[in-house]
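The values are calculated or read from the model by the stated rules, or taken from the named source; none is laboratory data. Computed from a prediction, not measured in an experiment: that's the story for all the values here. All Cβ positions, glycine included, derive from the backbone under ideal geometry; neighbour counts span all protein chains shown. Surface accessibility is based on the protein's heavy atoms, side chains included, excluding ligands, DNA and RNA. Shrake-Rupley method; radii C 1.70, N 1.55, O 1.52, S 1.80 Å.
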There are 2 protein chains.
Amino acid sequence: MSSATTPNTKELNNHVDDEQPTTRRIRHLSLHLNPPSTHNNQIELGACSSRAKVDVNAGQLSSYLRGKHRDVQERVFAYFNSRPDLQTPIEILKDDYRELCMRQLVGLVREAGIRPLGYVVEDPVKYFAIIEAVGSVDMSLGIKLGVQYSLWGGSVLNLGTKKHRDKYFEGIDNLEYLGCFAMTELHHGSNVQGIQTIATFDPVTDEFIITTPNDGAIKWWIGNAAVHGKFATVFAKLMLPEHDKNALSDMGVHAFIVPIRDLKTHKTLPGVEINDCGHKVGLNGVDNGALRFRDVRIPRENLLNRFGDVSRDGKYTSPLPTINKRFAATLGELVGGRVGLAYSSVGVLKIAATIAIRYSLLRQQFGPPKQPEISILDYQSQQHKLMPMLASTYAFHFATVHLIEKYAQMKKTHDEQLVADVHALSAGLKSYVTSYTAKSLSICREACGGHGYAAVNRFGSLRNDHDIFQTFEGDNTVLLQQVAGDLLKQYQEKFRGGTIAATWSYLRESMNTYLSQPNPVTARWEGEDHLRDPKFQLDAFRYRTSRLLQSAAVRLRKHTKTLGSFGAWNRCLNHLLTLAESHIETVILENFIEAIKRCPDANSRAALKLVCDLYALNLIWSDIGTYRNVDYVAPNKAKAIHKLADYLSFQVKNIAKELVDAFDLPDHVTRAPIGKQSPGEAYAEYTQFVGF
Amino acid sequence: MSSATTPNTKELNNHVDDEQPTTRRIRHLSLHLNPPSTHNNQIELGACSSRAKVDVNAGQLSSYLRGKHRDVQERVFAYFNSRPDLQTPIEILKDDYRELCMRQLVGLVREAGIRPLGYVVEDPVKYFAIIEAVGSVDMSLGIKLGVQYSLWGGSVLNLGTKKHRDKYFEGIDNLEYLGCFAMTELHHGSNVQGIQTIATFDPVTDEFIITTPNDGAIKWWIGNAAVHGKFATVFAKLMLPEHDKNALSDMGVHAFIVPIRDLKTHKTLPGVEINDCGHKVGLNGVDNGALRFRDVRIPRENLLNRFGDVSRDGKYTSPLPTINKRFAATLGELVGGRVGLAYSSVGVLKIAATIAIRYSLLRQQFGPPKQPEISILDYQSQQHKLMPMLASTYAFHFATVHLIEKYAQMKKTHDEQLVADVHALSAGLKSYVTSYTAKSLSICREACGGHGYAAVNRFGSLRNDHDIFQTFEGDNTVLLQQVAGDLLKQYQEKFRGGTIAATWSYLRESMNTYLSQPNPVTARWEGEDHLRDPKFQLDAFRYRTSRLLQSAAVRLRKHTKTLGSFGAWNRCLNHLLTLAESHIETVILENFIEAIKRCPDANSRAALKLVCDLYALNLIWSDIGTYRNVDYVAPNKAKAIHKLADYLSFQVKNIAKELVDAFDLPDHVTRAPIGKQSPGEAYAEYTQFVGF
């Protein structure tokens, strides 16, 4: 590259890692002399309201967003729309709610003919489409369905072998065999390896004896256990008698099918004690229970034996060499629940954003002197609350669609690289998306003021039901640590010359960029074209992640010497969590940019580009301290980013109606009177609801 | 000041505004040569766990925190502890809950002998102590009490005259006259001047005719209206017939006492239509209703006539000259509700923080290899979630105690300056504190994982009930704008040489500091003593506010030219909201620092200092981008602030048990099994609750 010519911006930004300091200096000087054409003047906010609005057709955008399984979602919606008797009322007692939820599930499976179990393994994308739609109708129902098919059904199919599939498939699919997934104990949730329930093999009777050794080992929060379940997949430490002495060997955590209620009488079986976990903050349509086992005997064949088996004479065999590998394989098969939660959480976010934005367009309050009041979405503060949220909803949509497709591919190919990739990606997206949705539900309620507080307008139940998405299937703080751990592993492998998983591959390049100094010239570019250049945005996201990764690795190495690896990890924990979030944000942005490229309709593409720019710049501004601290952006550039993010919120506001219409949620699914698609009806329906 | 001597730090930081550039340069150089003695080395985090723990006695700290009306709070707690039949169960239908809540209120007033009405005007500090305690028992009850005494009672006492007091006082106080406060309409909440209900004077019958002209003017969300209210203070535009023509004059919004139900039969009175607003997200013990008036006639004396009266012949008289002044005076009398909400919101935060922190000390999960598991509060991430929150709780405690005392003083003296000060301060604190508490309740639930999702552990109901604190008595976003508006007014007055309200007075000095350049030497000081110096912290907070204020004023002036004042305000809205928050944070920090100085016990003082430092440095770090952008802190100082904030979280964790014990909340008030004061009982009570 010669400094005498005027290179284009893209060339300039690539391959800076291998140049010499002198070359770099000359390159920087050449930029001073020949600023690239994309370096515009600062945008003039004073004129922003006169700018042309992006022209977007909600129908066309919607057809790009809709997954290939929209048909089955519409069948779900149509079924519940035709059965108002199955709609969950606003006030319902816990026990009635559980029965209603059971009737909803039975109706869906037996009347509407939705049979999810086959899809769990063979067409997961379709399965996730079903569960998202069902969750939109009622989140308790979505979770009850998930417990039955992903957790109980999924554990039988994924951890068991053909004999289990043959015996249980039909009963699970047609709901005769309602079941539970009994992993969590009172004292152990995140630390699954710490569970204390034991399953001791009795070679005399060829049975396992399931025992709860103390109160802390009571299985807790077990869905379907309090009322409806007949079986439970119970996770317990497998104890095998040693042949030569009177001792037991702990073979690690395994899963067992334990019948808990009589198939005919529905009575609790002997040795099983079940109590009701009682009211929860939300999801009260799901009957969570607590299970204690007093030496419950089950036949040897009830061990789900895909990753480890016990022979008639008490010998242990496994295709995997160590306890840790078997444990990882067992938990690995359960990643589908996490994938489904991330995807469904976006569905919840869509509903909330739709209601809040439609109401904000309708609601008027205050205005210029002697002029009509203006809509509350015309206020910059309301745009600030809702437009980056709308942009994130779109970003998460594409990221989670990407995730479910990757998961489906993994289920087909069992490619090892893909398995690792899906694990980390699902942990990261589940954590990031559900935390974001949880916060957003509160913001939506607050943004809709008093009318957002009416239960009929849904924010309360959405928030209460969704809240636990942050905890179950992996506590978000724990999952982010898995992402950070994976990043550090990849980082080490990079320097050992190993391969890097697809999702991580950007790190190889950007780590080099990071290790060179920030470019003092581009740090000052503040033109709109530059700030909206996906390359600038991606570079900034990647730079941040690389920097956090490099510094985390250095700090960990340092602290490990004095504190040991556990202590060092804890000392750097906030840093590691930030790293994980930064990485996930990068992956989300990458997916969004790719999705825009693929969009066939030019108008939709322009709208999505606008939304994506808001997503990216809002996040860069949110962490501007980091960028400023290393002079990645100069002070004036930071200001320009802030200004442009506000301006993009304003522009997205102008097409907000179309953007939420494109989510294609029928009024009978959103249900909130203040969120009607046709704004004229909103207040009228609301007053009628109250009795006028 | 001579550059040849070595001045101490305090001298150096004062009076930098009036020196010459050369003097400043020399001063800076002298600092290079003679670093002040407080400039320590960076703290060594590697050694932090070995540092001495601050020695604090929860009892002594508690006695400093407890207000002078702790006795009446203990009476409230003791009464409800003695009446388990009055405790709100976890599951209760809306209609039953409303009746229970009414019984709770009647019991409190008639059995426990708590008579709040007299305190509303004469001893507001005692009144707020009662309402905080009652809200801790059940937030619905707190709000129902507030509707009866602050809103209905307060409007009669504060907007009416002696005749109203004579007629209504006893009935309100003894609950015979249950009443409502009917201000909000379906279409108008924040914009009270936009309400459309009218009260037309009929000179023939000497009555007012109350009319709801359209559906949008239906009074909405009116507490006590759906079931229990006999009266309502109705806000309506007063219409007076003009003498010489057949027209009506709009005299602006006034308040009227309107009977809505028969005192004996409790039947709804003719012309009044009442519907039930139905389920809310929370506070379902309060019976909110919607009221439509069809030409309801009330006697002339029912006009609450303190700020405006109508004579027998239809002439209007007022001690205040304009509609706007009368409106301001009317709303001004209602500021007590806002004060009470800010104060009670801190009470809610105390409960949530207590439960979450106690559980986090008890709960163990994971640990170093082959060692016992550690408590989850030992994780840096959990400290990060909960310790700045605990610090904020303390900060808010002192700030709101200051507010209620100022309010009480205002009620006595009616000093104009004090009135203005209390108005802005209550708007700011109500907004800031309730938003913070709302977010914290979600964080607490999440931080307690699955067990935080059990309804019995309270986070759900606390969040649902508290949620609307952000909206009622003034939408938080609207209130923050009032603070910003007031700041801008004070700013203009400063340059006109006028007086500045007490709360604002720091601006005069810090604006001068701000207008000089940041000091490039102190910007690099990163020693712990410097960062923990209240002067550094206050300077940083004040600098930020001053800068936001100055730049907001400049931007508003610029945009007003092209957009008009309404448009300009909206264009700068996010900026103005940040300004208001920054100011409130400054006021809170000032109060905290003052409260520490006043604390008589040295150990308590040391603990409070630690907590205050965490509060201050965590906030500086949260907005580090702003400080970095103007080089108020150098990059390494930014890092040192971040490190120290993490370290202070760790140190506060070491005394977290004592800090929450000092809130002095009995177990029968916190109620959550996982939040028992004696940790040994927590799990046992929880398993017993579920039935084991």
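Partner lysines whose Cα lies under 24 Å from the Cα of A:K162, excluding those fewer than 8 positions away in the same chain, are identified as A:K126, A:K230, A:K237, A:K315, A:K325, A:K411, A:K412. Using C-alpha pairs below 8 Å separated by at least 6 residues, the relative contact order for chain A is 16 percent.
Each Lys and Arg adds +1 at its Cβ and each Asp and Glu adds -1 at its Cβ; summed about the Cα centre, chain B shows a dipole of about 1080 debye.
Computed 3J(HN,Hα) for segment B:587-599, one whole-Hz value per residue from the Karplus formula 6.51 cos²θ - 1.76 cosθ + 1.60 where θ = phi - 60°, is 4, 5, 4, 4, 5, 5, 4, 5, 5, 5, 4, 6, 5, glycine and proline marked x. Taking 0.36 nm per residue of separation and subtracting the Cα-Cα distance, full extension of the segment from A:Q688 to A:R312 would add 128.5 nm. Label-to-label distances for B:V554 across copies, nearest first, come out at 3.6 nm, using points 7 Å from Cα in the beta-carbon direction. Taking Cα centre as origin and charging only the Cβ of basic (Lys, Arg, +1) and acidic (Asp, Glu, -1) residues, the dipole magnitude of the protein assembly as shown rounds to 2080 debye.
Look at where the Cα atoms of segment A:75-148 and of segment B:304-373 average out, and the two centres are 41 Å apart.
Counting only DSSP beta bridges whose two residues both lie in the protein assembly as shown, roughly 80 percent are antiparallel. For segment B:552-603, pairs of C-alpha atoms spaced more than 14 angstrom apart make up 63 percent of the total.
Only aspartates and glutamates eight or more places from A:K637 in sequence, or on another chain, were considered; those with a Cα closer than 20 Å are A:E44, A:E526, A:E528, A:D529, A:D533, A:D539, A:D613, A:D623, A:D646, B:D623, B:D631.
Between the helical axis of A:380-413 and the dominant principal axis of chain A, each derived from Cα atoms, what acute angle in degrees is found, rounded to the nearest 10? The angle comes out near 50 degrees. Projecting the alpha carbon convex hull of the protein assembly as shown along each direction and taking the average yields 54.6 nm².
Using a probe of 1.4 Å on the protein chains alone, the accessible area found for B:K280 is around 10 Å².
Computed 3J(HN,Hα) for segment A:204-212, one whole-Hz value per residue from the Karplus formula 6.51 cos²θ - 1.76 cosθ + 1.60 where θ = phi - 60°, is 5, 9, 6, 10, 9, 10, 8, 9, 9, glycine and proline marked x. Of all lysines in the structure, those lying under 16 Å Cα to Cα from A:K439, and not within fewer than 8 positions of it along the same chain, are A:K350, A:K385, A:K430, B:K385, B:K439.
Accessible-area rank, largest first, for B:D95, A:D467, A:D486: B:D95, A:D486, A:D467, with all protein chains present and a 1.4 angstrom probe. Using R0 = 45 Å, the C-beta based FRET efficiency linking A:E509 and A:K162 works out to 0.50. Taking the longest Cα principal axis of chain B as reference, the axis of helix B:506-515 is set at about 50 degrees.
Note on segment A:617-692: dipole from Cβ charges, positive end direction compared against A:P666, A:V630, A:S649; the farthest Cα belongs to A:V630. Under a model in which nothing but the beta-carbon of Lys, Arg (+1) and Asp, Glu (-1) is charged, segment B:333-386 shows a dipole of about 80 debye around its Cα centre.
Label-to-label distances for A:E74 across copies, nearest first, come out at 6.9 nm, using points 7 Å from Cα in the beta-carbon direction.
Over the Cα atoms of segment B:252-382, each weighted equally, I'd like the Debye log10 I(q)/I(0) at q = 0.09, 0.12, 0.21 Å⁻¹, rounded to two decimals. Listed by q, the Debye log ratios stand at -0.58, -0.78, -1.24.
At the residue level, B:E170 shows approximately 100 square angstrom of accessible surface with a 1.4 angstrom probe and all protein chains present. Protein-only accessible surface at a 1.4 angstrom probe places the residues A:M239, A:M387 in the order A:M239, A:M387, largest first.
Principal axis analysis of the Cα atoms in chain A yields extents of 88, 72, 41 Å, listed in decreasing size.
For the residues A:E74, B:E416, a 1.4 Å probe over the protein chains yields an accessible-area ranking, largest first, of B:E416, A:E74. If you line up the long axis of helix B:94-106 against the longest principal axis of chain B, both from Cα atoms, how many degrees apart are they, to the nearest 10? The helix B:94-106 is inclined about 90 degrees to chain B.
Here A:N324 yields copy-to-copy label distances, from shortest upward, of 7.3 nm, the label point defined as 7 Å from Cα along Cα to C-beta. Within the assembled protein chains, the solvent-accessible surface assigned to A:D71 is about 100 Å², based on a 1.4 Å probe.
Placing unit charges on the Cβ atoms of the charged side chains and taking the dipole of segment A:502-637 about its Cα centre, the candidate lying farthest along the positive direction among A:L507, A:G527, A:Y615 is A:L507.
Helix-only arithmetic for chain A: the sum of -39500 (n - 2.57) across DSSP H runs with n ≥ 4, divided by the residue total, places the mean residue ellipticity at 222 nm at -17500 deg cm²/dmol.
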